[in-house]
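Remarks on the structure that follows.
The values are calculated or read from the model by the stated rules, or taken from the named source; none is laboratory data. Computed from a prediction, not measured in an experiment: that's the story for all the values here. Every residue, glycine as well, gets a Cβ built from its backbone with ideal geometry; the counts of neighbours run over all protein chains shown.
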Amino acid sequence: MSRWRKALIAASVGSVAALGAMVSSNLPASAAPADLEVEYICKPTGTSSIVRHGPVRLVTYLTFDTDLAVGGPLNYTWKLQYTGDGSRLQSPGYFGPGGQVHAIGDLELKSNWVGNLRPKGSAEPEKSLRPDHELGLPPLLNDPGLIDKPGTIKITPKDIDLDFTPPDGRVVINDGDDTDNPSDMQIVYNGTWVTMSGRPDSERHVHNDLHETTERDASAELTFIGTGVKYIGPTDKDAGPVNIYVDGRHMATVDPSRDGNDDPVNDDLNGGKELWVSPKLTYGKHVIKVENASNRHAWLDAFEVLTATEQVPTGFHSAKCTPASPPGSIVVTVGERVTSPPPTTTGPTDNPTTTPPTTVPPTGTNSPTTSPSTSNSPSPSSQYTHPGIVIVGPGGTSTATPTASTSATPTVTKYVRPQVVKTPKGGVNTGEAPDPPMDSGAYTLIAGGSAMIMGSAAGGLVLWRRRAAHAGGVK
């Protein structure tokens, strides 16, 4: 390729690059997210907290989008992780599958916005749990809102509240000497009891594990967390009466040698029977005790603990996490919302004052110059709001609510582009105005770039013709 042709191509490419630079200089740059790392120390607050054996340390990463505009979302994420010191949240008892750790954070807002955000998060549901099993953390906390006015927002992370929600289920407990359990979470036997293992499967004992006593007043008790409990054992013709206590209160006396009609049974260790079911208890820690009321045989097969509760969170397993040191803050700037002016319609038959757009509240008159003394339409700065943000103004404190208002107080309304009165000829009857025409400055910019490209190409062509003429002797 000749150097003149190369020059022509280079000139053309350079012109296109110059045009691209002119266009891109008018585009706003996107700001990078702001990150803040904060370490927390969690301590127990509930009666049976998931912080069981000393403080638990967490590290959090708070990330905010900083390229914000009025009407847009206040996007952020708050990630939670364990630190490397080995401390962990732990199960406070026996639970079936489905228990979860929940977290509620607190973000303080200052500067042009004053208030608090309360982001929430939940961990993945756990499998069956035993006391002290490690619990998973919520991966992140989030609760995005909408920005209602321009300005700056200073965000500072505060405390994080943790709690554990038990599953709506049940778990069977029958192993009284499990060394993996703390002393307050296992069956405690008082008096003389004999372990009867290796029984025939036909007897249907739980885990084929049975405890027996013939000593009067010998007892077995379990401290559990839940809303109910069952006493499980065999029916047998040689059994004696058993007293049952819950939280020290005598609840019942059952006789496994008799059936529900108080008739004697002819069973021999017919295991796995629900001999007694407690009434519904308040969710929390309770103690059940079964006591032999005679010198005849008494057996314990298992206890079944129920954890169904409508109280969420319960507060019973709660913990509070506070920053290990004064945390930093993130400051984000909210710019004005850029909107296009509504299109106008012309024509001898068009009369936009006779039919108001459907998105504009009625004014009670057809004259566009008349302003009502009161209006339910909000000011532009209150088009968007978030129920977790309290805005402090010069007249006091106001909180946005999603309910409708019948007074002159501004209500929360999301505006859309006004509908046109008349559908343009040949257009689709969508009821929405067409996009506004392109700005004249854009046409000027495109025309200027095209002229630069054509001028560079023409100059290269003239130089090429002169060189050809000189080489061939043409004058």
Considering the range 132-143 alone, what residues qualify as being surrounded by fewer than 20 Cβ atoms within 10 Å (Cβ to Cβ) and without any contact (Cβ under 8 Å) to a residue 60 or more places away in the chain?
-> His133, Glu134, Gly136
Selection from the range 104-154 of residues that are out of contact with any Gly (no Cβ under 9 Å at 6 or more places or on another chain) and under 17 Å from Ala69 (Cβ atoms) | Pro144, Lys149, Gly151, Thr152, Ile153
Just need a number here: residues in the range 60-99 that are part of a strand (DSSP E or B) and under 24 Å from Phe316 (Cα atoms).
-> 5
Extreme residue, farthest from Asp143 (Cα to Cα), among residues of the range 77-101 that are surrounded by fewer than 19 Cβ atoms within 10 Å (Cβ to Cβ) and in contact with a Ser or Thr (Cβ under 6 Å, 6 or more places away or on another chain) = Pro97
May I ask you to list the residues in the range 139-171 that are among the hydrophobic types (A, V, I, L, M, F, W, C) and farther than 24 Å from Phe316 by Cβ?
-> Leu140, Leu146, Ile147, Ile153, Ile155
Which of the following residues is farther than 18 Å from Val188 by Cβ and acidic (Asp, Glu): Glu203, Glu212, Glu221?
-> Glu203
Select from the range 112-131 the residues that are part of a strand (DSSP E or B) and surrounded by 16 or more Cβ atoms within 10 Å (Cβ to Cβ) and write down the one among them that is farthest from the chain's Cα centre (by Cα).
-> Leu129
Can you tell me which residues in the range 48-59 are more than 14 Å from Ala103 (Cα to Cα) and part of a loop (DSSP other than H, G, I, E, B)?
-> Ser48, Arg52, His53, Gly54, Pro55
Qualifying position, being modelled with pLDDT of 95 or more and under 30 Å from Thr223 (Cα atoms), among Leu80, Leu89 | Leu89
